[in-house]
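Have a look at the structure below, then the notes.
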There are 2 protein chains.
Amino acid sequence: MCPKYEAAAELLGKKWTGLIIRVLLGGPKRFKEIKEQIPEMSDKMLTDRMKELETMNVVKRTVYPEMPVRIEYELTSKGQGLEPVILSIQDWGEEWM
Amino acid sequence: MCPKYEAAAELLGKKWTGLIIRVLLGGPKRFKEIKEQIPEMSDKMLTDRMKELETMNVVKRTVYPEMPVRIEYELTSKGQGLEPVILSIQDWGEEWM
């Protein structure tokens, strides 16, 4: 148990984080595309969460130097590893909450 | 996704909660026995967490009218259902955090 569990559980317990990761499990997305799938979340909140997830190396941000610039977010291997974890939390939540 | 996921993830993200549930997966325990397995946690914190877990019906508290009174805490079915969830968070945490 211990610090690694606590850190992982804390990350997953932050509002919107599970949902953002879930959206990105569908493949790389632009900011606007993520927003469209979670309309209740503010732009600022999504920006903050994406920065956190990038800092934790769960999400990778790629800038494509086109005109206009295209920015895409995608899950790293670490982020993809969260799929079974999120599904297991969700299964339990749906059965018991 | 949604409120049920968020509520489940928030519960699991609270400090000590995962560890307390883990200890109780070993069977019913008295307050003192839980404390012995998590010595860094204060009495007040354990009391608060146990009340939360009881309110959420994750833990059941039974008072045995002996002399002196014996009080035991055990996981409900809802609480036992958290075993695979906690293991999955922990596996990911150990691999990636």
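Assorted remarks:
- Scanning region B:2-34 for residues that are surrounded by fewer than 16 Cβ atoms within 10 Å (Cβ to Cβ) and either on the phi > 0 side of the Ramachandran plot or touching a Ser or Thr at 6+ places or on another chain (Cβ under 9 Å) (or both) turns up B:CYS2, B:GLY27, B:PRO28, B:PHE31.
- Close pairs from region A:41-61: first at pLDDT 95 or above, partner among the polar types (S, T, N, Q), Cβ under 7 Å, at least 6 apart: A:ARG49/A:THR17; A:ASN57/A:THR76; A:VAL58/A:THR76; A:VAL59/A:THR76; A:LYS60/A:THR76
- Selection count where residues are more than 15 Å from A:LEU19 (Cα to Cα), aliphatic (A, V, I, L, M) and out of contact with any helix residue (DSSP H, G or I) (no Cβ under 8 Å at 6 or more places or on another chain), scope region A:29-85: 3
- Taking residues in region A:67-79 that are small (Gly, Ala, Ser), and partners anywhere that are not in a strand (DSSP E or B), the pairs with Cβ atoms closer than 7 Å and at least 6 places apart or on different chains are A:GLY79/A:ILE21; A:GLY79/A:LEU24; A:GLY79/A:VAL58.
- Answer from B:GLY81, B:GLY93 - the residue that is buried (at least 21 other Cβ atoms within 10 Å of the Cβ) and facing chain A (nearest Cβ under 8 Å): B:GLY93
- The helices (runs of 4 or more DSSP H) falling completely within region B:1-44 that include 1 or more residues that are under 18 Å from B:LYS60 (Cα atoms) and more than 10 Å from chain A (Cβ to nearest Cβ) map to B:17-24, B:31-37.
- Filter pass, B:PRO68 being within 13 Å of chain A (Cβ to nearest Cβ) and either assigned to a helix (DSSP H, G or I) or over 15 Å from the mean Cα position of the chain (by Cα) (or both): no
- Some residue of region B:66-78 being at pLDDT 95 or above and of a type in the set (Lys, Arg): yes
- Entry remark, region A:1-40: residues being closer than 18 Å to B:GLU10 by Cβ and either of a type outside the set (Phe, Trp, Tyr) or in contact (Cβ under 8 Å) with a residue 12 or more places away in the chain (or both) number 19 in total.
- Subset of region A:60-97 [among the β-branched types (Val, Ile, Thr) and closer than 24 Å to B:LYS4 by Cα]: A:VAL85, A:ILE86, A:ILE89
The values are calculated or read from the model by the stated rules, or taken from the named source; none is laboratory data. No experiment lies behind these values; they were computed from the predicted model shown. Counting neighbours? That spans all protein chains shown, and the Cβs are built from the backbone with ideal geometry, glycine included.
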